[in-house]
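The values are calculated or read from the model by the stated rules, or taken from the named source; none is laboratory data. Note that the structure is predicted; figures quoted are calculated from it, not measured. Don't worry about glycine lacking a Cβ; one is built from the backbone with ideal geometry, like all the others, and counts go over all protein chains shown. Note: accessible area is taken over every heavy atom of the protein model, side chains too, but ligands, DNA and RNA are not part of it. Shrake-Rupley method; radii C 1.70, N 1.55, O 1.52, S 1.80 Å.
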Amino acid sequence: MDDAFDRIDPARAWAVTAAGLIVALVVGSVAFPRRVYDGFVWRYFWGPVVADGTGSACAQRVGGETVLLDGAGECRQAAGVVAESGYTTVSTVSYALVLVFALIGVVFLLRRLEIGNGRGFFFALFPFMLFGGALRTVEDANVALLQAGDPAIPFPWSGLLISPLIYFTVFFVTLAALLVSVAAARREVVRRYEPLLAGMGTVALVVTVGYLGWLASTTDLLDSHPSVPIVTLVGATLITALVWVGTERYAPEVNAGTGYMGALVVWGHTIDGIANVLSLDWASAFGLPTYTPKHVVNSAIIDVTSALQPDSVSNAIGTAWPFLFVKVGAALFVVWVFNEEIFEDSPRYSMLLLVAVTAVGLGPGTRDFLRATFGI
């Protein structure tokens, strides 16, 4: 029995498992459309996207057809399978499992390609982390245009930019760029794949931000606030520099495993922290629309700060500022956890986890400050 398990190729077993799950889902949806597709796939995954992408209060599945409802009262009275925009417990757990399963598959792919264990891999993927946040901002702009009756990207194409499907969109765009870059390096078109990969990510980012700028210049619903990215980017860079100098001098073991990769982790999460503080506490000072906290942690921090901080202080500096310190502290903790031993034991998986951790801060942060930049 042990010999049989030893002969199993883990990568092939992963591929067979992935294919089996997809086939089971497709066959189940065809054989039992009401129970499997309507009651599971549509209700927890596609239905929320439909509601979000069409600007509806909710979507209802009736007799195999989708009905859009505009009022909250209609949604509460609707019977059968009803989906609202946003996450549910089932979808959240499912996406977490898919993420872990996908990361394992990517590790197998990187092993097969014999890449992904060097720091150049991390830096090459950095532009794609920014690209993901910028692409999500395109959907925010599209929602604003949709509410005005003139969406730039019609549904269902806009569904590819709605969370959580956008994560799959960015993943496959990044994967395609990676495969093209590696193929170009193997054919000696380029010396190394990392610069080409970083270049493609940069082009994707520039095109996406440029599209947002074009929308701002051609529509009345979007605006331009260049002071927001200046304050956010300069502030995040200064804070990261201070943190780097401080840790290098007083706690060099924090940066021992990650080096400059850790600085980018801190920078990404600081972007998120500053963007949230600007949007929530200083919106009027920058001439921005009114924003509400989207992060559960951010909302809780604001509640605690409002309860403990004197009103006079809250009126002067706001209540979201502790979120910035929480983000910087959390980033430093993550950087400290990724020590040299972790990279030695499992370099590819550790590198992917570090990429994921950076993207978790940088993606939402990029989205937040671009939303504020264009007044979305």
| If a residue has to be touching a residue at least 60 places away in the same chain (Cβ under 8 Å), within 21 Å of the chain's Cα centre (by Cα) and either surrounded by 18 or more Cβ atoms within 10 Å (Cβ to Cβ) or closer than 21 Å to Gly55 by Cα (or both) to count, how many in region 118-154 make the cut? | 21
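Table: residues versus (1) among the hydrophobic types (A, V, I, L, M, F, W, C); (2) closer than 30 Å to Thr17 by Cβ.
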| site | (1), (2) |
| --- | --- |
| Phe45 | yes, yes |
| Val62 | yes, no |
| Glu65 | no, no |
| Asp70 | no, no |
| Gly86 | no, yes |
| Ser91 | no, yes |
| Leu130 | yes, no |
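When you scan region 1-94 for helices (runs of 4 or more DSSP H) that lie fully inside it, which ones turn up with 3 or more residues that are farther than 25 Å from Ala152 by Cβ? Lay out the reasoning, then the answer.
Working: elements: 2-6, 10-31, 47-53, 72-77.
Filter on region 1-94 gives 2-6, 10-31, 72-77.
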| Can you tell me which of Tyr211, Tyr193 is open to solvent by 60 Å² or more (accessible area, probe 1.4 Å) and within 27 Å of Val360 (Cβ to Cβ)? | Tyr211
| query | Within region 221-242, which residues are open to solvent by less than 30 Å² (accessible area, probe 1.4 Å) and of a type outside the set (Gly, Ala, Ser)? | reply | Leu222, His225, Val228, Pro229, Thr232, Thr240
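Table: residues versus (1) open to solvent by 70 Å² or more (accessible area, probe 1.4 Å); (2) under 30 Å from Phe108 (Cα atoms); (3) modelled with pLDDT under 85.
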{"site": "Pro293", "(1), (2), (3)": "no, no, yes"}
{"site": "Val313", "(1), (2), (3)": "no, no, no"}
{"site": "Arg348", "(1), (2), (3)": "no, yes, no"}
{"site": "Met351", "(1), (2), (3)": "no, yes, no"}
{"site": "Val360", "(1), (2), (3)": "yes, yes, yes"}
{"site": "Ala372", "(1), (2), (3)": "no, no, no"}
| Name the residues in region 167-181 that are β-branched (Val, Ile, Thr), surrounded by fewer than 20 Cβ atoms within 10 Å (Cβ to Cβ) and touching a residue at least 24 places away in the same chain (Cβ under 8 Å), would you? | Thr169, Val173
| message | For region 257-285: of the residues being hydrophobic (A, V, I, L, M, F, W, C) and open to solvent by 50 Å² or more (accessible area, probe 1.4 Å), which is farthest from Leu332 (Cα to Cα)? | response | Ala285
